[in-house]
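Beneath this line is the structure, given in structure tokens, with notes to follow.
The values are calculated or read from the model by the stated rules, or taken from the named source; none is laboratory data. These numbers come from a predicted model, not from an experiment. Because the Cβ atoms are built from the backbone with ideal geometry, glycine has one as well, and the counts that use them run over all protein chains shown. Protein only, heavy atoms only, side chains kept; ligands, DNA and RNA dropped before computing areas. Shrake-Rupley method; radii C 1.70, N 1.55, O 1.52, S 1.80 Å.
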Amino acid sequence: MKVEQYNNRDIWRDDLLDGGTKSRFIKPYIERRLENFDEFIYASPRVGYGQLSLSVVCNELKCKSTIFVPKGKTTPITQKCIELGSKVIQVPMGYLTNLHHKSKKYRDENLNSHLLPFGFDDEEIINDGIEIIKNLCEWDSYDEVWSVISSGVLSRILQGVFTKSKIIGVRIGHNTT
């Protein structure tokens, strides 16, 4: 993590961390499952950062990762996943529902695999995220905390850390609700 000053405000730069913020949160989740699984699966939007988070963590932990993405031109994010050793399966008609269907079918055919939920939306991961951020350093109470928002998981984690702050999500990639 890198904290920078901008207009007398602290800016937490986890975007500079390999795999982004969520790589911090899924690592303990995956470590706890390594005894039962040797492959971890994720269905990702074309430019989703979850695929990179999973690839970075699985590369570090020396386990397999398989990413399902929409068929088409390989993005720089997906290319980095391939370079980290992830198996990438491109799915025609790659709407998220179809990606989930294909990834579940793959999991059912590969018994030593574990499918992570979209956005890593799991209570265990969210609780890990809250504890990890709380332990990174001493946090003051901020009036506002800004972050990207897509699945909403990071926002819920930040709400669990900064309980007195207004959490503001900056929409990226698609129309969030």
By what distance, in whole Å, do the Cα atoms of the range 97-150 stretch along each of the three principal axes, largest value first?
48, 22, 13
Leaving out ligands and nucleic acids, note down the accessible area per residue over the chain with a 1.4 angstrom probe, in whole Å².
59
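Please report Rg over Rh for the chain, where both radii come from the alpha carbon positions and Rh follows the Kirkwood definition. Spell out each step's value before the answer.
On the way: Rg = 16.5 Å, Rh = 16.9 Å.
Checking Rg against Rh, the ratio lands at 0.98.
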I need two numbers for the range 85-177: Rg to one decimal and Dmax as a whole number, Cα atoms only, in Å.
16.7, 49
How high is the relative contact order of the chain, in percent, counting Cα pairs under 8 Å that sit 6 or more residues apart?
19
Mean residue ellipticity (222 nm) of the chain, computed from DSSP H runs ≥ 4 via -39,500 (n - 2.57), nearest 500
-12000 deg cm²/dmol
Give the residue list of chymotrypsin sites (Phe, Trp or Tyr not before Pro) in the range 69-177 that are DSSP loop and have at most 15 other beta-carbon atoms within 10 angstrom.
Tyr95, Trp139, Tyr142
If unit charges are put on Cβ atoms (+1 for Lys and Arg, -1 for Asp and Glu) and the dipole of the chain is taken about its Cα centre, the option from Ile89, Ser113, Ser147 lying farthest towards the positive end turns out to be Ile89
So which of Lys22/Lys105; Lys22/Lys64; Lys22/Lys73 end up more than 21 Å apart, counting from Cα to Cα?
Lys22/Lys105; Lys22/Lys73
The range 7-109, accessible surface, carbon-and-sulfur percent (1.4 angstrom probe)
51
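If you take every residue apart from Val91 with its C-beta less than 9 Å away from the C-beta of Val91, what net charge results, scoring Lys and Arg +1 and Asp and Glu -1?
Here the charged neighbours net out to +2.
Just to confirm the filter: which GluC sites (Glu not before Pro) across the range 75-177 are DSSP coil and have at most 15 other Cβ within 10 angstrom of their Cβ?
Glu138
Out of the range 96-168, which trypsin sites (Lys or Arg not before Pro) are coil in DSSP terms and have no more than 12 other C-beta atoms within 10 Å? Mind showing how you got there, number by number?
Values: sites: Lys102, Lys104, Lys105, Arg107, Lys134, Arg156, Lys164, Lys166; in loops: Lys164.
Of the trypsin sites (Lys or Arg not before Pro), the ones in loops of the range 96-168 whose Cβ has at most 12 other Cβ atoms within 10 Å are Lys164.
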